[in-house]
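Visitor: Please see the structure below; I have some questions.
The values are calculated or read from the model by the stated rules, or taken from the named source; none is laboratory data. Being a predicted model, the structure only gives us computed values, none of them experimental. Ideal geometry is used to build each Cβ from the backbone, glycine not excepted, and the neighbour counts take in all protein chains shown.
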Amino acid sequence: MRRIKNILVCLDLSEMDDFLINYSNYIIRTFKPETMVFIHVMEVYSLPDEFAGSFDGTEGDLKDMVREELYEKIRNGISENGDTRISLIIETGLTAEKLLQYIRKNKVDITILGKKIGYHGEGSVARRIVGLVPSSVLVISETSREEINKILVRMDFSSMSASTLDMAREIAGYTGAMIEFHHVYKLPLYYYPRQTPENIKKMNAQLAELVAEEYSKFIKKMKIKEPPPVTYSLETQIDESQLLCDHARRNGFDLILTGTRIKSSLGGLILDKTSEKLVGSDQNIPVMVVKDPKQSAGILKAIFD
């Protein structure tokens, strides 16, 4: 089943827009989606005083100015769109609310957000809404490479890992990328006082057997054909998100995929800590948070009904 038909790109009138549009150009060339919608939400009340004071026009005039500026950027950044329908939407209001409303009415498969390396403030759009958005979310930085040759999939042996693998295979079908699972084994707290280089070496040997056994069970349970290779790390003093980023960086991965396990319809409103840290990490490898379409429908119903 094709999962990448409709893509939403969030612009904010910052320098990040240029990088988002350039990356969108790569997405259009590579995936040939049916629609690529660029959206900007004007939170007018937060305009700087000096700007508001110098602007005497109506809200409609301001929208026209913003639309003209963004259209120019899109025209310059998209080299060719083929059969992809490209459009620009300007809204006024709260960013998260307007995005949720749009995604509810339109079957968005992937929402693309930008993050600036070194900035993790509360105002960051990615930090504020990535957990709220019911579609899968791709977060890129201003230094992300416009290529996908190697995909790293976070493995926790849950059904969500299988769903994340489906998305990875969808992407690989267009890019020819190789896929690798990576599992981070979390060391129980009572082992910490006993850590020595020799003990960790023995534990790694045991862990290799354990991961292989669990992976075999996972493949059988999920009925996965032609499973990708699986690697692992041992979490001792470095958390899972950092280990995933380090492994991806050392081995030249272009994309990290992580899933979210949703225990209830409202549970999907909060990302697990590892996914949240991956989204906010100071690294240039794009991160995609894969949402389960069926569970996402439950989230939308819980929010709006």
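Visitor: Select from the range 246-265 the residues that are among the hydrophobic types (A, V, I, L, M, F, W, C) and either crowded, with 24+ Cβ neighbours inside 10 Å or modelled with pLDDT of 95 or more (or both) and list them in ascending order.
Guide: ALA248, PHE253, LEU255, ILE256, LEU257
Visitor: Would you check which residues across the range 92-112 are acidic (Asp, Glu) and either closer than 14 Å to VAL9 by Cβ or at pLDDT below 85 (or both) and list them?
Guide: ASP109
Visitor: Which ones in the range 201-223 are closer than 13 Å to SER158 by Cα and surrounded by 14 or more Cβ atoms within 10 Å (Cβ to Cβ)?
Guide: Those that are closer than 13 Å to SER158 by Cα and surrounded by 14 or more Cβ atoms within 10 Å (Cβ to Cβ): GLU214, TYR215, PHE218, ILE219, MET222.
Visitor: Next question, about the same structure. Within the group TYR174, TYR185, TYR190, which residue is at pLDDT below 70 and hydroxyl-bearing (Ser, Thr, Tyr)?
Guide: Going through TYR174, TYR185, TYR190 in turn, just one is at pLDDT below 70 and hydroxyl-bearing (Ser, Thr, Tyr): TYR190.
Visitor: Let me ask another. What's the total number of residues in the range 72-113 that are over 15 Å from VAL130 (Cα atoms), part of a helix (DSSP H, G or I) and of a type in the set (Asp, Glu)?
Guide: So the answer is 1.
Visitor: Of all the residues that make up the range 20-37, how many are among the hydrophobic types (A, V, I, L, M, F, W, C), buried (at least 21 other Cβ atoms within 10 Å of the Cβ) and touching a Ser or Thr at 6+ places or on another chain (Cβ under 8 Å)?
Guide: Final tally of qualifying residues: 1.
Visitor: Let me ask something else. What do you reckon, is SER135 at pLDDT below 95 and touching a Pro at 6+ places or on another chain (Cβ under 7 Å)?
Guide: It is false that SER135 is at pLDDT below 95 and touching a Pro at 6+ places or on another chain (Cβ under 7 Å).
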